[in-house]
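Student: Next up is a structure, given as structure tokens.
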Amino acid sequence: MTELTRISAPEGVAPAAAYTHVVMGTGRFVAISGQLALDEDGKLVGEDDPAAQARQIFENLRRCLIAAGATFDDVVKLTFFVTDMAYMPAVRAARDAHISADRLPAASAVQVAALVRPEFLMEIEAYAVLS
């Protein structure tokens, strides 16, 4: 695990409540493609259920991080693509089950018109830094 520096309130910027404005580290960069709510057999988990989809996505992210020799502690940035901003509480709950409040990565949330298939409510990508 690399030592990351987090700056939640850069001078002149309003403090972040649910993410960190700046996360820095040195080491190997890991990019994880946007994950969808698919199980290991490629079947949708949680049709019409944002909480179930978010939980499956974070499980997929966890498995991808492990494959790279990383953990959620190494994540420096998450990007949330949701088809409805009303799903963000479910996304945050799933995130909080994996990432402690004192180690939040930088984050962006974007509402999109659609994802690759209409049954997908969200997609989440991650960036990590390893020493």
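Student: Explain nothing, just the number: relative contact order of segment 11-75, from Cα pairs under 8 Å at least 6 residues apart, as a whole percent. Working shown, then result.
Tutor: Details: 33 pairs, mean separation 15.4, N = 65.
24 percent.
Student: Out of the GluC sites (Glu not before Pro) in segment 46-131, which ones are loop residues according to DSSP with at most 14 other C-beta atoms within 10 Å? Could you put the intermediate results ahead of the total?
Tutor: Numbers: sites: E47, E59, E119, E123, E125; in loops: E47, E119.
Listed in order of number, the matching sites are E47, E119.
Student: Roughly what would the spin-label model give for R62 and A97, points 7 Å off Cα along C-beta, in nm?
Tutor: 0.8
Student: Roughly how large, in nm² to one decimal, is the mean projection of the convex hull of the alpha-carbon atoms in segment 1-130?
Tutor: Details: hull surface 31.8 nm².
Result: a mean projected hull area of 7.9 nm².
Student: What residues have an amide H closer than 5 Å to that of V76, excluding those fewer than 5 places away on the same chain, when H is modeled at 1.01 Å from N in the peptide plane?
Tutor: Close amide H contacts, sequence-distant or interchain: Y127, A128, V129.
Student: Defining a contact as two alpha carbons under 8 Å apart and six or more residues distant in sequence, what relative contact order in percent does the chain show?
Tutor: Working: 247 pairs, mean separation 49.6, N = 131.
Relative contact order, the chain: 38 percent.
Student: What full-extension length gain, to one decimal in nm, is calculated for S33 and V110 as 0.36 nm per residue of separation minus the Cα-Cα distance?
Tutor: Values: separation 77, 0.36 × 77 = 27.72 nm, distance 1.57 nm.
The S33-V110 span can extend by a further 26.2 nm.
Student: Where both partners of a DSSP beta bridge lie in the chain, what percent of those bridges are antiparallel, to the nearest 5?
Tutor: Working: 17 of 23 bridges.
Among the beta bridges of the chain, antiparallel pairing accounts for roughly 75 percent.
Any read-out appearing in this document is the output of simple, stated calculations on the displayed coordinates, not a laboratory observation. This one's a predicted model, so the numbers in the text were calculated from it and none came from an experiment. So basically every Cβ, Gly included, is an ideal-geometry build from the backbone, and we count neighbours across all protein chains shown.
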